[in-house]
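Q: There's a structure below that I have some questions on.
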Amino acid sequence: MRPLQMVDLKQQYQKLKAEIDAAVIGVLESSAFINGPQVQSFTKALAAYNGVKHVIPCANGTDALQIAMMALGLQPGDEVITPSFTYVATTEVIALLKLTPVFVEVDANTFCIDPKVIRNAITPKTKAIVPVHLFGQAANMEEIMKIATEFNLYVIEDNAQAIGCDYTFLDGTMKKTGSIGTIGTTSFFPSKNLGGYGDGGAIMTNDDDLAEKLKMIANHGQKVRYYHEIVGCNSRLDTIQAAVLEIKLPHLEDYISSRRSVASFYDKAFGDHSKITIPFRTPYSRHVFNQYTLILEGLDRNGLHDYLAAQNIPSMIYYPVPAHRQKMFESFNSSNTLLATTDWLTERVISLPMHTEMEEDQLNYITSRVLAFANK
Ligand SMILES: *Cc1c(COP(=O)(O)O)cnc(C)c1O
């Protein structure tokens, strides 16, 4: 059996090695390291894949969120509603821009922002909602977009973990996550579903004016070189990364199928266990499984983590400390920031190895060890 890893990037690379090596060497030889033609062509291909008018590449998924919030003209003190149960990047940029993060609950089944609590969190200062399509499954965008329209709020979809996820609306319309809100953001961090060989990110929108502004902000606030109209930043996707991503994008659907097969294997093993809850599937979302995350009840979660580690099986706790309990957000928390579901999940979730190169003997080994612990 090959050694187990949370994500096996080496094996995945081996399968495309000839093509990727040639593309990277091509960039080296052209020496067009910044804004080379691959940046344009990859961006165009990604826009087509997502069914969205504009894709603006940038340096990483965190910058993507920051640039999105800057382009919407959000001002210090404006409130942004966000789940507390997410990766730090989502919430960090809100505070960085001196906006006020308003942490709300997630749905215990989907791990995504609970639309029922959004209404109660809205005040006259609320300007935006940032749903996170956590672990690869979409938040309830139908409800979120309804609320956003009713209260005239922007929606920034943090699609870092769910690139390729299809969302089906009640009327049957299907859209890719990231293309539904005002702006969508994503990340090409190596372990994401479409991972580069370094950092990378992208911002997408169907709004022409916003696209123009996003592009300017990512490029020092200029349209014409050396004429800086607004305050921006320097956030680019390297040509080398674009060249790699351009090769990987046509394989994204296969990567998603592999991930979904791994999830089905795990489901079969754990689905009937009374102390293990397998990932819930909503009727509106195709789960693309950036993570496969179980909820354990009546089992020692940290004990399982250590037990698996002792047998060379990696597992991860996403996330051990939710945003509303992070020291960096101390000043934003009041005594009424009580997020019981989020705290409950934080103590019970565990994510198992999930990637595109998993083999049956590995899956058999992992599931048998997890069950051995659960049935002890
Ligand atoms: C990875 C991730 C990001 C940030 O992406 P980077 O490219 O690492 O900056 C943002 N939000 C979520 C939910 C993520 O998982």
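Q: Condition first: at positive phi, touching a residue at least 40 places away in the same chain (Cβ under 8 Å) and not assigned by TED's automatic domain parsing to the domain that holds K175. Can you find one or more residues in the stretch 312-320 that meet it?
A: Looking for residues that are at positive phi, touching a residue at least 40 places away in the same chain (Cβ under 8 Å) and not assigned by TED's automatic domain parsing to the domain that holds K175, one finds at least one in the stretch 312-320, hence yes.
Q: While we're looking at this one, here's another question. Given the criterion touching a residue at least 12 places away in the same chain (Cβ under 8 Å), assigned by TED's automatic domain parsing to the domain that holds R369 and over 22 Å from the mean Cα position of the chain (by Cα), identify the matching residue among K275, K268.
A: Working: K268 fails: touching a residue at least 12 places away in the same chain (Cβ under 8 Å).
Every option except K275 fails the conditions.
Q: Which of (1) without any contact (Cβ under 8 Å) to a residue 40 or more places away in the chain; (2) within 16 Å of the ligand (Cβ to nearest atom) does V130 not meet, given it meets every other one?
A: In the conditions (1) without any contact (Cβ under 8 Å) to a residue 40 or more places away in the chain; (2) within 16 Å of the ligand (Cβ to nearest atom), V130 misses (1) alone.
Q: Would you point out the residue of the stretch 217-234, among those that are open to solvent by less than 40 Å² (accessible area, probe 1.4 Å) and out of contact with any strand residue (DSSP E or B) (no Cβ under 6 Å at 6 or more places or on another chain), that is nearest to the ligand (Cβ to nearest atom)?
A: C233
Q: Continuing with the same structure: So which residues in the stretch 178-201 are more than 18 Å from I20 (Cα to Cα) and touching a Gly at 6+ places or on another chain (Cβ under 7 Å)?
A: If the condition is that a residue be more than 18 Å from I20 (Cα to Cα) and touching a Gly at 6+ places or on another chain (Cβ under 7 Å), then G178, S179, G184, T185, T186, S187, G201 are the ones that fit.
Q: Counting just the residues of the stretch 276-285 that are closer than 30 Å to D171 by Cβ and in contact with a helix residue (DSSP H, G or I) (Cβ under 8 Å, 6 or more places away or on another chain), which one comes out least open to solvent (accessible area, probe 1.4 Å)?
A: Step one: filter the stretch 276-285 for residues closer than 30 Å to D171 by Cβ, giving 278-285.
Subset that is in contact with a helix residue (DSSP H, G or I) (Cβ under 8 Å, 6 or more places away or on another chain): 278-279, 284.
Numbers: I278: 49, P279: 9, Y284: 44 Å².
Once the filter is applied, the top-ranked residue is P279.
Q: Take Q75 and tell me if it is away from the ligand (no atom under 16 Å from the Cβ), within 19 Å of L153 (Cβ to Cβ) and open to solvent by 30 Å² or more (accessible area, probe 1.4 Å).
A: Values: away from the ligand (no atom under 16 Å from the Cβ): yes; within 19 Å of L153 (Cβ to Cβ): yes; open to solvent by 30 Å² or more (accessible area, probe 1.4 Å): yes.
Considered against the rule, which asks whether it is away from the ligand (no atom under 16 Å from the Cβ), within 19 Å of L153 (Cβ to Cβ) and open to solvent by 30 Å² or more (accessible area, probe 1.4 Å), Q75 comes out as yes.
Q: Kindly list, by first and then second residue, each pair from a residue in the stretch 193-205 that is without any contact (Cβ under 8 Å) to a residue 60 or more places away in the chain to a residue that is in a loop (DSSP other than H, G, I, E, B), limited to pairs with Cβ atoms under 6 Å and residues at least 6 apart or on different chains.
A: Pairs that qualify, where the first residue is without any contact (Cβ under 8 Å) to a residue 60 or more places away in the chain and the partner is in a loop (DSSP other than H, G, I, E, B), are G196/F188.
Q: Which residues, counting only those in the stretch 178-192, are in contact with a strand residue (DSSP E or B) (Cβ under 9 Å, 6 or more places away or on another chain) and of a type outside the set (F, W, Y)?
A: Here is the first cut: in the stretch 178-192, the residues in contact with a strand residue (DSSP E or B) (Cβ under 9 Å, 6 or more places away or on another chain) are 178-189, 192.
Within the stretch 178-192, G178, S179, I180, G181, T182, I183, G184, T185, T186, S187, K192 meet the criteria.
Q: Among the residues of the stretch 133-147, is there at least one that is over 21 Å from the mean Cα position of the chain (by Cα) and either within 16 Å of the ligand (Cβ to nearest atom) or surrounded by fewer than 24 Cβ atoms within 10 Å (Cβ to Cβ) (or both)? Spell out the reasoning first.
A: The initial filter retains those residues of the stretch 133-147 that are over 21 Å from the mean Cα position of the chain (by Cα), namely 146-147.
Next cut, either within 16 Å of the ligand (Cβ to nearest atom) or surrounded by fewer than 24 Cβ atoms within 10 Å (Cβ to Cβ) (or both) only: 146-147.
Scanning the stretch 133-147 turns up at least one residue that is over 21 Å from the mean Cα position of the chain (by Cα) and either within 16 Å of the ligand (Cβ to nearest atom) or surrounded by fewer than 24 Cβ atoms within 10 Å (Cβ to Cβ) (or both).
Q: Now for a separate question. Can you name the strands (runs of 3 or more DSSP E) wholly within the stretch 151-207 that have at least 2 residues being of a type outside the set (S, T, N, Q) and away from the ligand (no atom under 16 Å from the Cβ)? Break it down into steps so the answer makes sense when it comes.
A: Details: elements: 154-158, 166-168, 174-176, 183-187, 201-205.
Passing ranges, in order: 166-168, 174-176.
Q: Restricting attention to the stretch 1-15, which residues are in a helix (DSSP H, G or I) and under 24 Å from the mean Cα position of the chain (by Cα)? Walk me through how you get there before you give the answer.
A: In the first step, residues of the stretch 1-15 are kept if they are in a helix (DSSP H, G or I); the result is 9-15.
Within the stretch 1-15, L9, K10, Q11, Q12, Y13 meet the criteria.
Q: Looking for whichever is under 23 Å from K213 (Cβ atoms) and either open to solvent by 50 Å² or more (accessible area, probe 1.4 Å) or part of a helix (DSSP H, G or I) (or both) here; the options are I34, I81. Which one fits?
A: On the way: I81 fails: either open to solvent by 50 Å² or more (accessible area, probe 1.4 Å) or part of a helix (DSSP H, G or I) (or both).
On inspection, the qualifying residue turns out to be I34.
Q: Now for a separate question. Has the stretch 61-68 got at least one residue that is at pLDDT 95 or above, more than 13 Å from the ligand (Cβ to nearest atom) and open to solvent by less than 20 Å² (accessible area, probe 1.4 Å)?
A: Going residue by residue through the stretch 61-68, those that are at pLDDT 95 or above are 61-68.
Next cut, more than 13 Å from the ligand (Cβ to nearest atom) only: none.
Checking the stretch 61-68: not a single residue is at pLDDT 95 or above, more than 13 Å from the ligand (Cβ to nearest atom) and open to solvent by less than 20 Å² (accessible area, probe 1.4 Å).
Q: Consider the stretch 1-12. How many of its residues are without any contact (Cβ under 8 Å) to a residue 24 or more places away in the chain and open to solvent by less than 90 Å² (accessible area, probe 1.4 Å)?
A: Within the stretch 1-12, residues that are without any contact (Cβ under 8 Å) to a residue 24 or more places away in the chain and open to solvent by less than 90 Å² (accessible area, probe 1.4 Å) number 0.
Q: If you check T277, T346, which single one turns out to be polar (S, T, N, Q) and touching a strand residue (DSSP E or B) at 6+ places or on another chain (Cβ under 7 Å)? Don't jump to the end; show me each part of the working.
A: Values: T346 fails: touching a strand residue (DSSP E or B) at 6+ places or on another chain (Cβ under 7 Å).
Sole residue among the options that is polar (S, T, N, Q) and touching a strand residue (DSSP E or B) at 6+ places or on another chain (Cβ under 7 Å): T277.
Q: Is it the case that some residue within the stretch 95-106 is within 11 Å of the ligand (Cβ to nearest atom), under 24 Å from I230 (Cβ atoms), out of contact with any Gly (no Cβ under 8 Å at 6 or more places or on another chain) and outside any strand (DSSP E or B)?
A: Within the stretch 95-106, the subset within 11 Å of the ligand (Cβ to nearest atom) is none.
Within the stretch 95-106, none of the residues are within 11 Å of the ligand (Cβ to nearest atom), under 24 Å from I230 (Cβ atoms), out of contact with any Gly (no Cβ under 8 Å at 6 or more places or on another chain) and outside any strand (DSSP E or B).
The values are calculated or read from the model by the stated rules, or taken from the named source; none is laboratory data. None of these values were measured; they are calculated from a predicted model. Quick reminder, even Gly has a Cβ in these numbers, built from the backbone with ideal geometry, and neighbours come from all protein chains shown. Just the protein is used for accessible areas: all its heavy atoms, side chains included, with ligands, DNA and RNA removed. Shrake-Rupley method; radii C 1.70, N 1.55, O 1.52, S 1.80 Å.
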